[in-house]
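Chemist: First the structure, which I've put down as structure tokens, then a few questions once you've had a look.
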Amino acid sequence: MLKGTEPSDDGFDRFMAERWPRVLRSAFLLTGDPHDAEDLAQAAFERACASWGRVRRADNPDAYLQRVLLNCHRGRFRKRRVPEYPVAAVPEGLRLVGDHAEEHGERDLLMAALNDLAPRQRAVIVLRFYEDLTEAQAADVLRCSVGTVKSQTAKALARLRRHGQIVEFAPTARTTSKDREGAA
């Protein structure tokens with residue numbers, strides 16, 4: 001919110017504040033880049049704000065917002081990108097903030113594996129396993145059938161299992177929760 005402005009009474013500010021972390025996480029999983037993720041999340045909320053009346057009246061505002069996020073992500077590749085001009089050094093007065101998640105190798109391995117998935121498979125994985133949506137909810141967000149969600153999920157999981165670097169983190173199908181507890 002801009003400095004000096006009052007929160008609106010239509011509920012959008014609260015809606016955005018409650019959903020921002022989750023949408024930002026989904027955007028990051030879709031883009032693989034924290035800066036692109038912030039841009040994507042902002043674009044999704046901008047569109048949601050512009051059509052707030054429809055979002056508020058929707059049967060499931062969260063699914064509506066997820067659909068907006070996915071549409072914004074797809075639209076990023078249709079529009080001409082703004083050129084970026086990298087600089088050799090950080091300008092004086094600015095400081096770099098460390099990304100503590102970079103310290104964990106698993107995150108990088110997972111992102112590499114997700115980047116290898118087709119866009120629809122990646123969207124299904126994000127919706128099903130990171131957003132914890134049911135197959136029916138994911139189908140609603142993606143505007144496809146439940147069968148398509150199931151088949152895309154199966155293909156994506158098979159591809160992730162074949163990804164050489166993340167095999168060590170994925171428990172095998174034969175490993176039970178008791179086996180994992182006993183090993184710990």
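Chemist: Between residues in the range 143-171 that are under 29 Å from Tyr64 (Cα atoms) and of a type in the set (Gly, Ala, Ser) and residues that are at pLDDT 85 or above and not in a helix (DSSP H, G or I), which pairs lie under 9 Å by C-beta distance while being six or more apart or on different chains?
Modeler: Ala156/Leu117; Ala156/Ala118
Chemist: Then there is this: Are any residues in the range 141-163 under 17 Å from Arg74 (Cβ atoms) and open to solvent by 60 Å² or more (accessible area, probe 1.4 Å), and if so, which ones?
Modeler: Arg143
Chemist: Out of Gly32, Gly11, Gly53, I need the residue that is on the phi > 0 side of the Ramachandran plot, open to solvent by less than 40 Å² (accessible area, probe 1.4 Å) and either over 16 Å from the mean Cα position of the chain (by Cα) or at pLDDT 90 or above (or both). Which one?
Modeler: Gly11
The values are calculated or read from the model by the stated rules, or taken from the named source; none is laboratory data. No experiment lies behind these values; they were computed from the predicted model shown. All Cβ positions, even for glycine, are placed from backbone atoms using ideal geometry, and neighbour counts span all protein chains on display. Heads up: the accessible areas ignore ligands, DNA and RNA and are worked out on the full protein's heavy atoms, side chains in. Shrake-Rupley method; radii C 1.70, N 1.55, O 1.52, S 1.80 Å.
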